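The structure appears below as structure tokens.
The values are calculated or read from the model by the stated rules, or taken from the named source; none is laboratory data. Bear in mind that the values here come from a model prediction, so they are computed numbers and not experimental data. Every residue, glycine as well, gets a Cβ built from its backbone with ideal geometry; the counts of neighbours run over all protein chains shown. Please note that ligands, DNA and RNA were not included when accessible areas were found on the heavy atoms of the full protein model with its side chains. Shrake-Rupley method; radii C 1.70, N 1.55, O 1.52, S 1.80 Å.
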Amino acid sequence: RAEIASRVAAMLERIELAPLARRRSDELSGGERKRLALGRALIGKPEALLLDEPDAHLDRRSRSVIEGLLSTSPAALLFATHDLRFAHRLAREVLHLRAGRLVPGTPENVLSGRAVEPSGTSAGARIRTSGGLTIRVGHPPEPGEARVTIDPRSLVVSREAFDSSMQNQFPGRIAAAHEENGNVWLEIALAGEVLTAIVSRGSYERLGLNLGLPVVVSFKANAVEIL
């Protein structure tokens, strides 16, 4: 009994619910209940955890607590999530499902690289990817290694470069395309990287896009999120 009481008290501290120890679970908020559920799973010291969207519908505090618990747990983790940043912060391997099937790569454009020291006051924050792209980002990354993600819907595809406030513009070539739910998913090869962009079927036809066509990919600095 003493060991059980000690482990329960320690877990309540870890999930930051010690002040609510005397409450019924149905009196807790959604985020608090999810923390409690994870604490109940972890207190048995499992070898593996299977989790269905552990980060969904959480307030900031509960998200931080749950991510901290999972990142320090010795258990093997297998979880489903819609948040690519959450997945890459916790997982060594990320698999992408589309229409219930595994597909290669991740369309959310996860790129690895290093933060670039600004060369002047107006240079702005930049990351040099392993493929050779120098990307302007909205927020200064930590020095050293960095990983970023770019929402494929934030990429603008055009036939030629154009005047714009978007600070990132790169020439490339359409390497692959497929249609899904009225949109066209484009894989665009550029400077050692491949970016995925999603455009409407109408835009695809209006621009006369097709495989092998040279294009320009543009996106804003604040569209780049640091993982």
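You will find that of 42, 50, 36, the residue that is closer than 23 Å to residue 76 by Cβ and open to solvent by 70 Å² or more (accessible area, probe 1.4 Å) is 50 and no other. With respect to (1) aromatic (Phe, Trp, Tyr); (2) within 22 Å of residue 110 (Cβ to Cβ); (3) open to solvent by 20 Å² or more (accessible area, probe 1.4 Å), the lone exception for residue 204 is condition (2).
Among residues of the stretch 194-222 that are under 21 Å from residue 131 (Cβ atoms), those with a beta-carbon under 6 Å from a residue that is open to solvent by 50 Å² or more (accessible area, probe 1.4 Å) and among the basic types (Lys, Arg) at least six positions away or on a different chain give the pairs 198/153; 214/173; 221/136.
Would you call residue 114 of a type in the set (Lys, Arg), outside any loop (DSSP other than H, G, I, E, B), open to solvent by 50 Å² or more (accessible area, probe 1.4 Å) and modelled with pLDDT under 85? So residue 114 does not fit the description; no.
If you take the residues of the stretch 83-97 that are touching a strand residue (DSSP E or B) at 6+ places or on another chain (Cβ under 8 Å) and open to solvent by 50 Å² or more (accessible area, probe 1.4 Å), which of them is farthest from residue 145 (Cα to Cα)? Restricting to residues being touching a strand residue (DSSP E or B) at 6+ places or on another chain (Cβ under 8 Å) and open to solvent by 50 Å² or more (accessible area, probe 1.4 Å), the top hit is 97.
Among the numbered conditions (1) open to solvent by 60 Å² or more (accessible area, probe 1.4 Å); (2) within 15 Å of residue 30 (Cα to Cα); (3) β-branched (Val, Ile, Thr), the only one that residue 72 does not meet is (2). Among the residues of the stretch 138-156, those that are out of contact with any Asp or Glu (no Cβ under 9 Å at 6 or more places or on another chain), under 30 Å from residue 200 (Cα atoms) and open to solvent by less than 70 Å² (accessible area, probe 1.4 Å) comprise 154, 155, 156. Screening residue 112 with (1) under 28 Å from residue 206 (Cβ atoms); (2) free of Cβ contacts under 8 Å to residues at least 60 places away in the same chain gives one miss only, at (1).
Within the stretch 207-222, restricting attention to residues that are under 18 Å from residue 154 (Cβ atoms) and of a type in the set (S, T, N, Q), the residue that is surrounded by the fewest Cβ atoms within 10 Å (Cβ to Cβ) is 222.
Give me the residue from the stretch 157-199 that is acidic (Asp, Glu) and surrounded by 13 or more Cβ atoms within 10 Å (Cβ to Cβ) and, out of that set, nearest to residue 138 (Cα to Cα).
Filtering the stretch 157-199 for residues that are acidic (Asp, Glu) and surrounded by 13 or more Cβ atoms within 10 Å (Cβ to Cβ), the one nearest to residue 138 (Cα to Cα) comes out as 193.
Quick check on this structure: which one of 32, 47, 67, 53 is farther than 16 Å from residue 11 by Cα, among the acidic types (Asp, Glu) and under 25 Å from the mean Cα position of the chain (by Cα)? None of the others qualify; the one that does is 53.
Please tell me if residue 225 is assigned to a strand (DSSP E or B), more than 19 Å from residue 110 (Cα to Cα) and open to solvent by 10 Å² or more (accessible area, probe 1.4 Å). For residue 225, the condition - assigned to a strand (DSSP E or B), more than 19 Å from residue 110 (Cα to Cα) and open to solvent by 10 Å² or more (accessible area, probe 1.4 Å) - is not met. With respect to being part of a loop (DSSP other than H, G, I, E, B), of a type outside the set (Phe, Trp, Tyr) and open to solvent by less than 60 Å² (accessible area, probe 1.4 Å), residue 58 fits the description. For the stretch 133-145, which positions are at pLDDT below 90 and under 18 Å from residue 170 (Cβ atoms)? Listed by number, the list holds a single entry, 138. A Cβ distance below 9 Å, combined with a sequence gap of six or more or placement on separate chains, defines the contacts here; from the stretch 124-151, residues that are at positive phi reach residues that are assigned to a strand (DSSP E or B) in the pairs 124/136; 132/193; 144/114; 144/115.
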